[in-house]
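Scroll down for the structure; my scribbles are underneath it.
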Amino acid sequence: MKLSVVILNYNVRYFLELCLKSVEAAIEDIEAEIIVVDNDSSDDSCTMVKELFPNVILIENKNNYGFSKGNNIGVAKAKGEYICILNPDTVVAEDTFSRILNFTKTEDNLGIVGCQLIDGSGHFLPESKRNVPKPKVALKKLLGNSNGYYANHFETNSIGEVDILVGAFMLVKKKVYDIVGGFDEDYFMYGEDIDLSYKILKVGYQNFYFGQTTVIHFKGESTLKDANYAKRFYGAMQIFYKKHFKQNIVFNAIVWLSIKLARGLSSVPKTAKKNYLKTIVFSDRSDETLKHILPQPVELLKEIEADLDPNTLVLYDFNLLKAKVVITDMKKKSQQETIGFRLLPKNSNFILGSDSAVDRGEVIHF
């Protein structure tokens with residue numbers, strides 16, 4: 001088998017459904033399997049997978065084991081030569097896996113391959129390609145200066161060697177994953193992707209960013225940015241430095257102070273909700289129900305248009321459009337800051353999307 005796609009899920013049932021539909025379309029011509037590991041979700045994620053995706057291998061954990069252990073459990077069941085660690089709040093293009101697998105044939109010493117990620121508003125996520133967060137760089141990042149943290153030495157749409165990739169999408173040979181012991185289970189959530197990327201570099205492999213395919217990562221849906229997030233993030237950085245770098249007293253002090261301050265946080269302020277004045281629906285069907293739940297007026301179009309009025313919500317119907325077309329159009333239209341996006345999954349009765357990478361996404365049933 002060529003590819004195993006491992007998706008770790010925790011209480012994102014509707015985003016998972018969209019993700020699985022996009023993955024099924026993307027592996028149509030590939031010898032591949034999909035493995036969903038559920039970390040004891042309280043929603044009906046597992047029931048949905050069993051009913052709608054009978055060919056998916058479902059592992060139902062009885063506890064929330066966190067990101068590292070959850071993914072390791074899935075990879076242990078994988079039969080593919082390559083594995084792809086994929087977040088459940090993502091949408092892959094139909095040619096994402098085939099293009100990256102073709103790229104792997106060009107490199108002999110390949111570690112992890114990542115791709116271009118955009119958020120639900122169509123904007124590039126800079127964590128798609130990062131440098132090793134050495135103490136000086138990390139200190140600046142913790143203090144609000146990201147210079148040196150992100151890998152900006154080549155363009156977003158290009159291909160280049162990079163140190164650190166993001167756990168939302170990581171494609172790697174299973175034997176390489178096994179050589180370094182997979183994700184370090186000392187991390188519950190956050191930091192494990194940095195750690196895995198760095199471990200693979202240290203044993204002599206090269207990591208690459210493949211910017212010629214793009215994946216939507218709603219991001220805020222799988223991680224609500226609150227006090228627990230802050231504590232886990234700073235704690236993960238502390239684990240990383242203890243494992244891989246000499247002790248830095250100044251850095252440790254800042255991390256300790258950050259964790260203490262995080263305990264006093266109730267939540268990170270959310271972004272203001274966008275006020276849409278109209279909706280453009282790209283679909284070949286007329287659903288009167290949609291017109292009652294979307295910002296008025298609602299206009300139905302069958303073909304993608306380049307220019308839109310300000311404060312317009314765009315709804316893409318996957319019964320008509322391919323994911324690759326939607327992703328490409330989102331990236332173009334995102335240049336207009338007041339444009340928002342929602343997705344209608346194929347054969348579903350809900351729409352979803354997100355206006356921010358730090359808030360939970362929106363799911364609307366009809």
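Mind listing which GluC sites (Glu not before Pro) in region 297-366 are in a DSSP loop and have 12 or fewer other Cβ atoms within 10 Å? Let's see the in-between values first.
Numbers: sites: Glu299, Glu303, Glu305, Glu337, Glu362; in loops: Glu303, Glu305, Glu337.
Answer by residue number: Glu303, Glu305, Glu337.
Label-to-label distance, Thr338 versus Lys50, with points set 7 angstrom from Cα along the beta-carbon direction: 4.9 nm.
Gyration tensor over the Cα atoms of region 1-145: the corresponding equivalent ellipsoid has semi-axes (square roots of 5 times the eigenvalues, largest first) of 26, 21, 16 Å.
Placing a pseudo-label 7 Å from each Cα along the Cα-to-Cβ vector at Lys274 and Glu81 gives an inter-label distance of 4.2 nm.
List the trypsin sites (Lys or Arg not before Pro) in region 281-311 that DSSP assigns to loop (not H, G, I, E or B) and whose Cβ has at most 14 other Cβ atoms within 10 Å. Which are they?
Details: sites: Arg285, Lys291, Lys302; in loops: Arg285, Lys302.
Loop-located and lightly packed - Arg285, Lys302.
In plain terms, if you count all Cα to Cα distances in region 58-116 and split them into 10 Å steps from zero, the share in each step is 15, 46, 32, 7, 0 percent.
Qualifying GluC sites (Glu not before Pro) in region 111-213, where qualification requires a DSSP coil assignment and no more than 13 other C-beta atoms within 10 Å, comprise Glu155. Between the beta carbons of Ser42 and Glu305, assuming R0 = 51 Å, the FRET efficiency works out to 0.80 to the nearest 0.05.
Please compute the per residue accessible area over region 18-132 with all protein chains in place, 1.4 Å probe, rounded to a whole number of Å².
On the way: 4240 Å² over 115 residues.
On a per-residue basis, 37 Å².
For region 75-160, the convex hull spanned by the alpha carbon atoms encloses 163 Å³ per residue.
Over 18 Å between Cα atoms: which of Lys291/Lys322; Lys21/Lys322; Lys2/Lys50; Lys2/Lys173; Lys129/Lys332 fall into that group? It would help to have the intermediate numbers written out before the result.
Details: Lys291/Lys322 23 Å; Lys21/Lys322 11 Å; Lys2/Lys50 24 Å; Lys2/Lys173 10 Å; Lys129/Lys332 21 Å.
Pairs exceeding 18 Å: Lys291/Lys322; Lys2/Lys50; Lys129/Lys332.
By the gyration tensor of its Cα atoms, with a ≥ b ≥ c the square roots of the eigenvalues, what is the shape of region 290-366: rounded for a/c under 1.5, prolate for a/b over b/c, or oblate? Here region 290-366 falls in the rounded category. Look at where the Cα atoms of region 1-65 and of region 103-177 average out, and the two centres are 25 Å apart.
Quick one: with all protein chains in place, what share of the accessible area of region 58-201 is carbon or sulfur, to the nearest percent (1.4 Å probe)? Numbers along the way, then the final one.
Numbers: 2500 of 5390 Å².
After summing per-atom areas, the C and S share lands at 46 percent.
The values are calculated or read from the model by the stated rules, or taken from the named source; none is laboratory data. As the structure is a computational prediction, the values presented were derived from the model and not from experiment. Glycine gets a Cβ as well: all are built from the backbone with ideal geometry, and neighbour counts include every protein chain shown. Calculation scope for accessible area: heavy atoms of the full protein, side chains included, ligands and nucleic acids excluded. Shrake-Rupley method; radii C 1.70, N 1.55, O 1.52, S 1.80 Å.
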